[in-house]
Amino acid sequence: MERLTTRTAQAFSPATPIADRISRQLRDDIIGGRLPPGTQLVEVDLSAKYEASRNTIREVLHQLGREGLATFVRHKGVVVRRMQSSELRDIYAARRALELHAISRGRPLDAAALDAMRTTLDMAERALAGKRWRDVGTLSLQIHQQIVAMLGSPLLDDFFQTLCAQLRLVFASHPDESQIQTSDWIRREKRIYQYLGKDNRAGALRELETYLDLSERTLLNVVEQYNQ
């Protein structure tokens, strides 16, 4: 069994039931692109990896199914799902509701939150320069998680994390992720950050609206080309 990373160890804090901890870890693996669409989630393998009963793993797989991250495929069992166009449009409707509201009505970013967003942007730029496309996508999603965090709601944070995991499924469906993880997204996210740093919510809102419109069109093209 591979050594637990710090993040994995945190996920296995005794504060939550084991099924929730395993669900969170698998969700993180989907967001990080380590479990791409079509990956089989084999009950017996997961039971051994997480030292959990098969009943617990079954509960985890049902939870991932309810979150839209896994589905049952005949002759394959449970697999990481592939997103469809209608589902992607629904995700973007939810993104607009959450992110635009966070910008317009959320609490201002304090110095620590701005520093955290700046650090994420710097990491994304380094990943872009290093052509680590999977990391670019993951860090881009992290920036938007930081925007939603302006609402100050752990419940909405968890919900948005599920949306991010579903978006990661779309990223991973493209055979060459460099085609969708371009520098344009990081530049736009940097402008949003700069507006927020000046507490210019109107400017950040305009930039985010444009970003979401372009992002939705780009990913719809990916879904229609590779996932249908």
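The values are calculated or read from the model by the stated rules, or taken from the named source; none is laboratory data. In this text, all values refer to a predicted model and were calculated from it rather than measured experimentally. Cβ placement follows ideal geometry from the backbone for every residue including glycine, while neighbour counts extend to all protein chains displayed.
When the residues of segment 24-51 are filtered to those that are crowded, with 18+ Cβ neighbours inside 10 Å and among the aliphatic types (A, V, I, L, M), the one that is nearest to the chain's Cα centre (by Cα) is Ile31. Taken over segment 125-153, the criterion of being under 21 Å from Leu208 (Cβ atoms), in contact (Cβ under 8 Å) with a residue 40 or more places away in the chain and over 16 Å from the mean Cα position of the chain (by Cα) is satisfied by Glu125, Leu128, Met150, Leu151, Gly152.
Against the condition farther than 18 Å from Leu114 by Cβ, free of Cβ contacts under 8 Å to residues at least 24 places away in the same chain, assigned by the TED database to the domain that holds Asp122 and not hydrophobic (A, V, I, L, M, F, W, C), how does Thr210 come out, does it pass? It is true that Thr210 is farther than 18 Å from Leu114 by Cβ, free of Cβ contacts under 8 Å to residues at least 24 places away in the same chain, assigned by the TED database to the domain that holds Asp122 and not hydrophobic (A, V, I, L, M, F, W, C).
In segment 53-78, the qualifying residues are those that are part of a helix (DSSP H, G or I) and touching a strand residue (DSSP E or B) at 6+ places or on another chain (Cβ under 7 Å), and the one that is farthest from Gln161 (Cα to Cα) is Leu61.
Would you mention how many residues in segment 137-173 are under 14 Å from Met117 (Cα atoms) and not β-branched (Val, Ile, Thr)? Before you say what the answer is, go through the steps one by one.
Residues of segment 137-173 under 14 Å from Met117 (Cα atoms): 138-150.
Applying the additional criterion that residues be not β-branched (Val, Ile, Thr) yields 139-142, 144-146, 149-150.
Count: 9.
Can you tell me which residues in segment 79-136 are hydroxyl-bearing (Ser, Thr, Tyr) and farther than 21 Å from Leu167 by Cβ?
Going residue by residue through segment 79-136, those that are hydroxyl-bearing (Ser, Thr, Tyr) are 85-86, 92, 104, 119-120.
Matches in segment 79-136: Ser104, Thr119.
Could you tell me whether any residue of segment 87-108 is among the basic types (Lys, Arg), outside the structural domain of Gly68 (by the TED database) and over 20 Å from Asn221 (Cα atoms)? Let's see the steps before the verdict.
Filtering segment 87-108 for residues among the basic types (Lys, Arg) gives 89, 95-96, 105, 107.
Of the ones still in play, those that are also outside the structural domain of Gly68 (by the TED database) are 89, 95-96, 105, 107.
Narrowing further to those that are over 20 Å from Asn221 (Cα atoms): 105, 107.
Scanning segment 87-108, I find at least one residue that is among the basic types (Lys, Arg), outside the structural domain of Gly68 (by the TED database) and over 20 Å from Asn221 (Cα atoms), so the answer is yes.
Evaluating Arg217 against the criteria (1) without any contact (Cβ under 8 Å) to a residue 24 or more places away in the chain; (2) over 24 Å from Ser85 (Cα atoms) leaves one unmet condition, (2). Among the criteria (1) modelled with pLDDT under 95; (2) within 14 Å of the chain's Cα centre (by Cα); (3) more than 17 Å from Phe171 (Cα to Cα), the one Leu156 does not fulfil is (1). Is it true that Tyr195 is under 21 Å from Asp110 (Cβ atoms), at pLDDT 95 or above, assigned to a helix (DSSP H, G or I) and outside the structural domain of Glu67 (by the TED database)? Taking the combined requirement at face value, the residue satisfies it.
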